[in-house]
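Contents: one structure, followed by commentary.
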Amino acid sequence: MLKKVLRKVVGAILTLVYRIEITGTENYAKAGKRVLIIANHTSFLDPLLLWVFLPDDITFAINTHISQRWWLQPFLGLSQIFPMNPTHPMSLKDLIHHLRNDTRTVIFPEGRITLTGGLMKVYDGTGMVADKSQATMLPIRISGGQYTHFSRLHNVVRLRLFPKITIHILPPTQLSAPEHLRGKARRKFSGHMLADIMTEMMFTTSVFRQTIFQSLLDARVVHGGKHELAEDLERKPLTYDTLITRTIALGNALAKLTEEGDNVGVFLPNSTKTLVTILALQAQGRVPAMLNYSTGSAAMLSACRIAEVKTVLTSRQFIEKGKFSDEAAVLSKQVQLVYLEDIAQTITSQDKLKAWRQSKTADCWYPKTPRNPDSPAVVLFTSGSEGTPKGVVLSHANLLANLKQLEARISFTPQDVVLNFLPMFHSFGFTVGSMLPILSGMRVFFYPTPLHYSVIPEMAYELKGTIMFGTNTFLAAYAKKAHPYDFFNMRYVVAGAEKLQESTRETWMDKFGVRILEGYGATETTPITSVNTPMYYKAGTVGRFMPSMEYELEPIPGIQDAGQLHVKGPNIMLGYLLNDKPGKLVPPESIYGKGWYNTGDIVHVDEEGYINIRGRSKRFAKVSGEMVSLTAVEQLATKAWPSALHAATSIPDARKGELVVLLTTQKDATTQFLAAASPGVAAISLPKKILVVDSIPMLATGKINYPAVTELVIDKIFESNDSELEDGKLDKESGIYEDEDD
């Protein structure tokens, strides 16, 4: 009786000071009698919260060493305790027997309070306990405790006296390993499944069904208005308060020039001003259409036509310094160019004061102006590395879901410094390089171009950068120019957009002691589909799927143990804006139904869920009925000549279907040397012809421009009067290889 009264009193006090909110209480009853309650560990308050707010007298499995501490003794007398010695294997067996008596037992699978704010290492032993006891698992996510003074995040996050704490009780689930697994393999598999359940729990209970501007306001509440979060070459850091005030001021001005729902072109470089412009448009219900200025005026005009852009925001300073006068002149004939300098002149002192007042009260009035999280947040344009660019429309929920998916797998803190040199018109640079840091409390430095190979390592050193996102091309170039100590403070280097070469991986590890985390994605997936993480890493793969993503592998004739990847999830785009349907949204759909996106990539997914990319479906050549991976050809060339760049393509072959040709910057490259350097590789998997060039055609994003590669191959053959290819020739008019015997 005394215990019940005490629980009510303590519960009332906790509810009053921490505004406790509990969701999913109906799931507790659904779990049954034999229940293993698994919870994340945010602070020393966690056991007390569960003891007070869960309806039954539950048992707590606690480390024997921890249970002996004096400050825990009063609590231990109020609850049932199952002491566990992690160094003694019998402890787990005893816990299994305890659960078989149909008890409800709480365990923290991480074994410790978080030191990062995210999930720590999840121990396999808890998974084995759930498997062996056949107990139902009840995931519970505690959120907010990490910001109290009872956490272990002092000097990591901004701690507060009474932050809001939420307890999410998720639907119960069962863990069952395949019958054929035994011993260590079964234990590892069970631990793997448990970690996935915990990760899924962290994602599904995160807030992503809202707008980006609302998330910005939420981030200010968490990290404080004075927290510095963005800087560029002008070296004038922006705080949350300043960023939100400028966003509102510019947004009010842009609202007079555009209509709600308009796609508004953004022709600006990586800078804090561009960040403010994007947020200002989104806050007012406009959609920034990010123009890729590296592709020239014709491509930008095409993008404006596809997205029905009538107004393009740019800057005179940018036009002048970037030498884009010709492009601006061409654009101005089709759309209205609006310069930020001119808008700044129209913003009066009264306007600034109004924006300041609105920013201080935004947490009150903005939520009352509901905007659909599924409405468009940005239009990005595909690079065109495989064909005609398309407009990709991403919603607020798409972007925020992808960020929360990543945060569920990798821990970020406000102490991190992101060096973002990837352009914002690229999905990698927009979502991960720009939105992630400002919404997660990290500090981001915007550098205008990734092509300054000597400067960027120096910037990483000066800024004490801890996080960097890049492509293989850029990372390899930085490694050549950098001093071995330039990346001394780097925690995460994440590679995407193209295949990470083994030579790049080895160089970064040997020279800087940094393990590159390779990921995979597409603009259509916002962009992250999968990524290796510090806890779940397998070299040569692109990691495991993001939480809440489904996948199917479509069988491809001629390809064994792999298939064409189709994916579905909360991060899949709203749809395309296509060249032949300007302004009309075409939602994603594949053979597996609506909402599915066909990546066009041929992949293998192993038993642990790691993805190995065999190549794009368009990057396979069919030679004599056999499928030959052009990506694999490039990898063979890279292994033979690691210091050179390579691009494989194919041209039509009248008799064999297609002919594989390798373009390379290796001056002495020959087919004979490549064959000798590739023992055990069938002749059909090697290029029929190797052409040496000074440089490989590249896009501004660092990807190989394959349409240009194919054109260059054909031109190169005829320019050198070398249309003869062993026993055949390339017909100049048709571009088809013909065997002389035909």
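Using the Cα centre as the reference, give the magnitude of the dipole from point charges on the C-beta atoms of the range 210-392 (Lys, Arg: +1; Asp, Glu: -1; all else neutral), rounded to the nearest 20 debye.
With Lys and Arg at +1 and Asp and Glu at -1, about 380 debye.
For a footprinting-style exposure proxy, rank 316, 409, 34 by other Cβ within 10 Å, fewest first.
Listed from fewest to most nearby Cβ atoms, that is 316, 34, 409.
Positive end of the dipole of the chain, charges at C-beta (+1 Lys, Arg; -1 Asp, Glu), about the Cα centre: which of 253, 609, 242 has its Cα farthest in that direction?
Farthest towards the positive end: 242.
Once every DSSP H run of n ≥ 4 in the chain is given -39500 (n - 2.57) and the sum is divided by its residues, what mean residue ellipticity at 222 nm do you get, rounded to the nearest 500 deg cm²/dmol?
After summing the helix terms and dividing by residue count, I get -10000 deg cm²/dmol.
Which values, in whole Å and largest first, are the semi-axes of the equivalent ellipsoid of the range 2-204 obtained as the square root of 5 times each eigenvalue of the Cα gyration tensor?
Ellipsoid semi-axes (Å, largest first): 27, 19, 17.
Between residue 357 and residue 449, what length comes free when the chain is fully extended (0.36 nm per residue of separation minus the Cα-Cα distance, one decimal in nm)?
Full extension from residue 357 to residue 449 adds 29.6 nm.
Using Cα positions and a limit of under 25 Å, work out the lysines in reach of residue 132, with same-chain residues fewer than 8 apart set aside.
30, 33, 93, 121, 184, 188
Between the range 163-207 and the range 517-584, how many Å separate their Cα centres?
Spelled out, the Cα-based centre of one part sits 22 Å from the other.
Compute the FRET efficiency between residue 677 and residue 347 as 1/(1 + (r/R0)^6), taking r as their Cβ-Cβ distance and R0 = 56 Å, and round to the nearest 0.05.
Result of the calculation: an efficiency of 0.35.
Give, in nm to one decimal, the length gained when the segment between residue 94 and residue 236 is fully stretched (0.36 nm per residue of separation minus the Cα-Cα distance).
Fully extending the segment from residue 94 to residue 236 adds 45.2 nm.
Compute the angle between helix 240-255 and the longest alpha-carbon principal axis of the chain, please, reported from 0 to 90 degrees and rounded to the nearest 10.
For 240-255 against the chain, the angle is about 50 degrees.
So if I place +1 on the C-beta of Lys and Arg and -1 on the C-beta of Asp and Glu, and nothing else carries charge, what would the dipole magnitude of the range 2-204 be about its Cα centre? I want it in debye, nearest 20.
260 debye
To the nearest µm²/s, what D does Stokes-Einstein give for the range 346-445 at 25 °C and 0.890 mPa s, using the Kirkwood radius over alpha carbon pairs as Rh?
152 µm²/s
Normalised by the residues of the range 210-392, what does the relative contact order come to in percent, with Cα pairs under 8 Å and at least six apart? Let's see the in-between values first.
Details: 249 pairs, mean separation 46.4, N = 183.
That works out to 25 percent.
What's the long-distance tail for the chain, i.e. % of Cα pairs beyond 51 Å?
The answer is 19 percent, as a whole percent.
Taking the simple approach of a point 7 Å from Cα along Cα-to-Cβ for both residue 188 and residue 553, what is their distance in nm?
Placing both labels 7 Å along Cα→Cβ, they lie 1.9 nm apart.
Which is farthest toward the positive dipole end of the chain among 5, 109, 146, measuring Cα position about the Cα centre, with Cβ charges +1 (Lys, Arg) and -1 (Asp, Glu)?
Sorting the options by dipole projection puts first 5.
Could you tell me the center-to-center distance, by alpha carbons, between the range 286-311 and the range 1-17 in angstrom?
Each part's Cα centre sits 60 Å from the other's.
Arranged from highest to lowest average of other beta-carbon atoms within 10 Å per residue, in what order do the peptides 571-578, 520-527, 292-299, 461-468 appear?
Result, highest mean first: 520-527, 571-578, 461-468, 292-299.
Beyond 19 Å, how much of the Cα-Cα pair distribution for the range 210-392 remains, as a whole percent?
Of the Cα pairs, 59 percent sit more than 19 Å apart.
Let me spell out the model: positive unit charges on the Cβ of Lys and Arg, negative unit charges on the Cβ of Asp and Glu, origin at the Cα centre of the chain. What dipole size does that give, in debye rounded to 20?
Once rounded to the nearest 20, the dipole reads 3920 debye.
From the residues 542, 564, 621, which one has its Cα farthest along the dipole of the range 530-648 in the positive direction, the dipole being from +1 and -1 charges on Cβ of Lys/Arg and Asp/Glu about the Cα centre?
Result: 621, furthest along the dipole toward the positive end.
Give, to the nearest whole percent, the P(r) tail of the range 103-199 beyond 19 angstrom, counting all Cα pairs.
48 percent
Note the full-extension length gain between residue 489 and residue 156 as 0.36 nm times their separation in residues minus their Cα-Cα distance, in nm to one decimal.
In short, 118.3 nm is gained.
Check residue 103: other-chain or 5+ apart residues with amide H under 5 Å from its amide H, H built from backbone geometry?
Counting only residues 5 or more places away or on other chains, the set is 35.
Just want to confirm a number: the relative contact order over the chain, from Cα pairs under 8 angstrom separated by 6+ residues, in percent.
Values: 1477 pairs, mean separation 64.3, N = 742.
9 percent.
Quick note: the coordinates plus some simple rules give every number you see, no bench work behind them. Being a predicted model, the structure only gives us computed values, none of them experimental. Glycine gets a Cβ as well: all are built from the backbone with ideal geometry, and neighbour counts include every protein chain shown.
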